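One structure is given below, encoded as structure tokens.
The values are calculated or read from the model by the stated rules, or taken from the named source; none is laboratory data. Only a predicted model underlies this, so the values are computations on that prediction, with no experimental measurement involved. As a convention, Cβ positions derive from the backbone with ideal geometry for all residues, glycine included, and neighbour counts pool all protein chains shown. When the accessible area is computed, the model is the full protein with side chains, heavy atoms only, and any ligands, DNA or RNA have been set aside. Shrake-Rupley method; radii C 1.70, N 1.55, O 1.52, S 1.80 Å.
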Amino acid sequence: MSASPMVSHIPVLLDEVVAQLDAAPGETFVDGTFGAGGYTRALLSKGVARVFAFDRDPEAIRYGETLAASSGGRLTLVPERFSRMRQALAERGVDGVDGVTLDVGVSSMQLDQAERGFSFQSDGPADMRMSREGESAADFLNHADEDEIADVLFHYGDEPKSRRVARAIVAARPIERTGQLADVVRKALGHHPGMKKDPATRTFQAIRIHVNQELAELEGGLAAAERVLLPGGRLAVVTFHSLEDRIVKRFLKERSGAMPAGSRHRPAANETGPAPTFEAVGKAVRPGPAELDANPRARSATLRAARRTAAPAWGNAHKEGTER
Ligand SMILES: C[S@@+](CC[C@H](N)C(=O)[O-])C[C@H]1O[C@@H](n2cnc3c(N)ncnc32)[C@H](O)[C@@H]1O
């Protein structure tokens, strides 16, 4: 592995995340998505006592080892999914933290390394696994039935022609390379130079979300954060597309009492639910023009933040990660 791809990730909405986390010396934080360590570095520079930095990608963890070694014991790298943060912290003797941040999705290092298989712009194995474990994109595309592939493209990629693309994928099996997959999608949908968006974008997003179970992970991470945050603890979550943002928005609305659990409708006047576990839910924050100029990859980022109350967690531990 060369060092260069590992340092190319520009942290997104960094100042805004740091402001929301409001870290003070002596406090303990979880960075659920270490990546290239942009948020963790900022927290360490605020003089916090401990940062537990999670990443399910072994390369990100390996990359963080130098920073951990120079942190004076303040940084602990945790090679786990963030949906397991409660169990992973407990195993390390910690049952409450002052802040949790999640910056979900893939890093630039993952996108830019063709051999990870995340990008339709460069040819590599159709892999897309952040953890390098379990079912790869190729496994899924070569073994799932056409309807299942179409459903993934439709639900996770908003691909309006999901059936047509799924049919083309099945006809072209075996799919082994990202270049091959991108060509199959482009042929199925029609592609001409100068198109604003490559037609393969939606398919790649959908397959990546499916392979990494990203939406279930996000739900699990939010449920776990609710359990590990101490009263007054801060939560800051950055997402990259509307499916993810909807999950965070709905979670915070529900848990702050603005919407009853499991319902899209307002509560009846006499209806009382569990006490809110979050307050001070801020408005969605998006990158400004200066950040977008410097980092076009930030264009679809949204930050949402809130503060933990002292109320007991609502108890959907089933959404947290389990051993695999
Ligand atoms: C967008 S990057 C984070 C960048 C980081 N904030 C920085 O400033 O460098 C997302 C990282 O989170 C990791 N990741 C995504 N989902 C995860 C999950 N459910 N559990 C643990 N790590 C995850 C990815 O492997 C990737 O390294």
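For this structure, a couple of remarks:
- Identity of the residue in the stretch 197-211, assigned to a helix (DSSP H, G or I) and more than 20 Å from residue 81 (Cα to Cα), that ends up most open to solvent (accessible area, probe 1.4 Å): 202
- Among the residues listed as 322, 309, 239, the single one being at pLDDT below 95 and not basic (Lys, Arg): 322
- When the stretch 140-165 is limited to residues that are over 20 Å from residue 123 (Cα atoms) and over 25 Å from the mean Cα position of the chain (by Cα), the one that is least open to solvent (accessible area, probe 1.4 Å) turns out to be 146.
- The criterion of being within 27 Å of residue 222 (Cα to Cα) and at pLDDT below 95 does not hold for residue 96.
- For the stretch 21-38, the set of residues classified as within 8 Å of the ligand (Cβ to nearest atom) and among the hydroxyl-bearing types (Ser, Thr, Tyr) consists of 33 only.
- Any hit, the stretch 258-272, residues being part of a loop (DSSP other than H, G, I, E, B) and either at pLDDT 95 or above or on the phi > 0 side of the Ramachandran plot (or both): yes
- Hey, residue 188 in contact (Cβ under 8 Å) with a residue 24 or more places away in the chain, farther than 16 Å from residue 282 by Cβ and more than 14 Å from the ligand (Cβ to nearest atom) or not: yes
- Single residue of the stretch 237-254 satisfying the filter (among the charged types (D, E, K, R) and touching a residue at least 24 places away in the same chain (Cβ under 8 Å)) that is least open to solvent (accessible area, probe 1.4 Å): 244
- Residues in the stretch 14-40 that are out of contact with any Leu (no Cβ under 9 Å at 6 or more places or on another chain) and on the phi > 0 side of the Ramachandran plot were compared, and the one that is most open to solvent (accessible area, probe 1.4 Å) is 22.
- Complete set of residues in the stretch 223-245 that are over 20 Å from residue 300 (Cα atoms) and within 14 Å of the ligand (Cβ to nearest atom): 223, 224, 225
- Test: residue in the stretch 3-20 that is away from the ligand (no atom under 14 Å from the Cβ), modelled with pLDDT under 95 and farther than 22 Å from residue 231 by Cα: yes
- Condition check for residue 41: within 15 Å of the ligand (Cβ to nearest atom), over 14 Å from the mean Cα position of the chain (by Cα) and under 24 Å from residue 226 (Cα atoms): yes
- Screening residue 12 with (1) of a type outside the set (Asp, Glu); (2) in a loop (DSSP other than H, G, I, E, B); (3) touching a residue at least 12 places away in the same chain (Cβ under 8 Å); (4) over 22 Å from residue 222 (Cα atoms) gives one miss only, at (4).
So that you can scan it fast, the table gives a plain yes or no per residue for (1) crowded, with 23+ Cβ neighbours inside 10 Å; (2) in contact with a Leu (Cβ under 8 Å, 6 or more places away or on another chain); (3) small (Gly, Ala, Ser):
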{"position": "178", "(1), (2), (3)": "yes, no, no"}
{"position": "185", "(1), (2), (3)": "yes, no, no"}
{"position": "192", "(1), (2), (3)": "no, no, no"}
{"position": "195", "(1), (2), (3)": "no, no, no"}
{"position": "213", "(1), (2), (3)": "no, no, no"}
{"position": "225", "(1), (2), (3)": "yes, yes, yes"}
{"position": "235", "(1), (2), (3)": "yes, yes, no"}
